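To start, the structure itself, in structure tokens.
The values are calculated or read from the model by the stated rules, or taken from the named source; none is laboratory data. All figures in this text were calculated on a predicted structure; none of them were measured in a lab. Cβ sites come from the backbone with ideal geometry, for glycine too, and all protein chains shown count toward neighbours. Protein only, heavy atoms only, side chains kept; ligands, DNA and RNA dropped before computing areas. Shrake-Rupley method; radii C 1.70, N 1.55, O 1.52, S 1.80 Å.
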Amino acid sequence: MSAVVILAAGEGKRMRSSRSKLLHEIAGRTMLSYAVDAATELQPEHVVVVVGHLREQVEAHLAEIAPHVTTVVQTEQRGTGHAVQVALAALPDLAGDVLVTYGDVPMLTSDTLVELVADHRGARTAVSVLTARVADPTGYGRIVRGAGDDVLAIVEERDASEAQRAIHEINSGIYVFDPQTLREGLAQLRPTNDQGELYLTDVVGLAREAGRTVSAFATRDAWQTEGVNDRVQLARMNAEVNRRILDGWMRAGVTVVDPASTWVHASVDLAEDVTLLPQTSLEGATSVAAGATVGPSTTLVDVEVGEGATVVRTHGSLAVVGAGATVGPYAYLRPGTVLGERGKIGTFVETKNAQIGARAKVPHLTYAGDVEIGEDANIGAGVIFANYDGVTKSRTSVGRASFVGSDSTLVAPVTVGDGAYVGAGSTLTGDVGAGELAVSRARQRNVPGWVARKRAGTKTAAAAEAASASSGAPDGGTPSPDPSGDDPVRLPEQTETVVPAPLSDQAVVPPGSDRPDTNERES
């Protein structure tokens with residue numbers, strides 16, 4: 001094979017997009033990437049992509065995914081024949097066959113191209129065309145065969161007779177040419193059609209006129225000849241590719257509960273006994289190990305899920321979930337999250353650049369950013385790892401088997417040692433040593449009688465009064481009965497100006513104390 005020419009210069013008006021049609025994706029890959037891979041697997045001397053409309057986008061993409069490809073520019077889109085002329089002008093003289101294909105036929109495989117080339121060579125023909133037999137050939141050129149099964153003509157629908165329109169074998173536009181036949185045919189092309197363009201199909205007719213043989217190879221999979229011209233066709237193609245991907249995984253031992261709502265990219269890797277629950281999307285380089293369950297309502301992009309893990313109602317990207325670990329529901333794993341074996345990331349937890357050790361638990365309502373959490377540690381509900389001061393981001397470390405109480409905030413950089421405790425509701429700004437208890441809270445202060453004075457006549461005041469009456473306790477300033485029968489003793493009136501309790505600094509309780517005394521807590 002001397003060369004494979006991929007035609008990718010068209011405008012794609014019906015796609016109605018500022019992005020090149022060829023860069024729209026099927027199962028997580030651009031349409032053009034499928035065409036380039038199929039061509040490359042034939043190992044030709046040259047792979048040439050003819051670009052034109054939005055060529056800067058296409059060339060940048062090709063430089064990233066296929067630097068071995070030669071790109072040539074068709075500055076004026078004057079038809080498929082002109083595009084091949086531009087491609088051959090950029091190549092040296094070719095001695096071997098030339099395959100011409102398109103950048104918008106993503107389901108075309110290298111296996112089919114190999115079969116087409118082998119049939120072309122076995123039949124010793126000048127031109128071979130890839131065809132398909134379809135139930136509804138409307139809109140396609142028809143293949144008119146002769147008595148010996150050779151191709152007599154390719155007739156466009158607008159030019160076809162009633163008998164020819166009844167033919168169900170269609171032209172894909174994908175050809176293999178003998179190089180001499182191609183060169184001579186391209187030189188004879190004239191813009192005699194309504195569009196004033198040079199059509200590659202006319203080279204086939206010219207070969208027939210010169211007495212050369214034209215053959216057709218019919219693929220059994222008509223989807224491989226399907227192009228994508230608008231977003232309706234794009235969606236149909238995506239659905240068919242996804243259906244085939246899921247069929248393959250199910251036959252390989254993966255349970256897909258609802259294939260209609262499950263989407264898996266071609267680049268994803270799944271092991272046996274994986275279960276995918278409804279509304280799950282696995283994208284990019286995601287891999288799921290044996291026995292793991294993903295879903296429902298989960299999207300994972302470039303995530304590694306360990307053996308036997310469970311990921312429920314979660315969005316994750318560039319993260320690792322260890323074997324036997326559990327995630328979700330309603331968790332958000334941002335890049336850099338690594339959850340250890342049998343660890344837990346629970347409900348409404350967001351993690352980023354977080355290394356969470358084996359068996360460690362972050363069960364609910366937590367933001368864990370830029371943090372290292374040791375194995376067997378437990379992070380209470382509502383804990384915030386405050387990693388950003390508006391300028392820089394800093395890290396926090398929580399040691400092995402430590403416990404951080406609910407509704408605490410750890411202001412990075414902070415280190416909590418192994419086996420340490422942080423009292424609920426604390427705000428830490430300093431380190432905590434191994435085995436220490438850290439508490440940082442304001443002192444609670446209750447103001448008696450405040451509701452009766454400040455909310456008199458409300459249902460709140462009525463409830464407080466009823467509760468006081470039933471318990472026999474004074475209603476915050478209401479006289480208490482004197483057991484001696486003398487006049488009741490009134491409590492002193494509370495000043496209306498309440499001075500808030502001062503905030504206390506963080507206190508670290510030394511070994512031997514169960515909890516700080518008043519002075520320690522307010523120091």
| task | Answer yes if at least one residue in the range 110-132 is open to solvent by 50 Å² or more (accessible area, probe 1.4 Å) and either in contact with a helix residue (DSSP H, G or I) (Cβ under 8 Å, 6 or more places away or on another chain) or aromatic (Phe, Trp, Tyr) (or both), and no otherwise. | result | no
| Does at least one position in the range 319-330 carry a residue that is of a type in the set (Gly, Ala, Ser), in contact with a strand residue (DSSP E or B) (Cβ under 8 Å, 6 or more places away or on another chain) and closer than 30 Å to Glu436 by Cβ? | yes
| query | Looking at Gln180, Gln233, which is the one that is farther than 12 Å from Ala126 by Cβ and surrounded by fewer than 16 Cβ atoms within 10 Å (Cβ to Cβ)? | reply | Gln233
| Restricting the first residue to the range 387-408 and requiring it to be of a type in the set (Val, Ile, Thr) and in a loop (DSSP other than H, G, I, E, B), which pairs with a second residue that is open to solvent by 90 Å² or more (accessible area, probe 1.4 Å) and at pLDDT 95 or above meet a Cβ separation below 9 Å and a spacing of at least six or different chains? | none
| message | Given the criteria modelled with pLDDT of 95 or more, surrounded by 19 or more Cβ atoms within 10 Å (Cβ to Cβ) and part of a strand (DSSP E or B), does Thr366 qualify? | response | yes
| remark: Cβ pairs under 8 Å, 6+ apart or interchain, first in the range 318-331 and open to solvent by less than 10 Å² (accessible area, probe 1.4 Å) and part of a loop (DSSP other than H, G, I, E, B), second at pLDDT 95 or above and polar (S, T, N, Q), ordered by first then second residue, are Ala319/Thr337; Ala319/Thr351; Ala325/Thr310
| field | Residue check, Leu130 in a helix (DSSP H, G or I), within 22 Å of Lys21 (Cβ to Cβ) and not basic (Lys, Arg) | value | no
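Conditions tested, residue by residue: (1) at pLDDT 80 or above; (2) of a type outside the set (A, V, I, L, M, F, W, C); (3) under 29 Å from Gly425 (Cα atoms).
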position	(1), (2), (3)
Arg445	yes, yes, yes
Arg453	yes, yes, no
Ala456	yes, no, no
Lys459	yes, yes, no
Ala462	yes, no, no
Ser468	yes, yes, no
Ala473	no, no, no
Gly476	no, yes, yes
Ser480	no, yes, no
| remark: Log entry, pairs with first residue in the range 421-448 being on the phi > 0 side of the Ramachandran plot and open to solvent by 30 Å² or more (accessible area, probe 1.4 Å), second being β-branched (Val, Ile, Thr) and not in a loop (DSSP other than H, G, I, E, B), beta carbons closer than 9 Å, six or more apart or on different chains, reads Gly425/Val439
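Yes/no matrix, rows are residues, columns are (1) of a type outside the set (Lys, Arg); (2) within 20 Å of Thr427 (Cβ to Cβ):
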{"residue": "Thr326", "(1), (2)": "yes, no"}
{"residue": "Glu341", "(1), (2)": "yes, no"}
{"residue": "Thr347", "(1), (2)": "yes, no"}
{"residue": "Lys352", "(1), (2)": "no, no"}
{"residue": "Gly369", "(1), (2)": "yes, yes"}
{"residue": "Ile373", "(1), (2)": "yes, yes"}
{"residue": "Gly380", "(1), (2)": "yes, yes"}
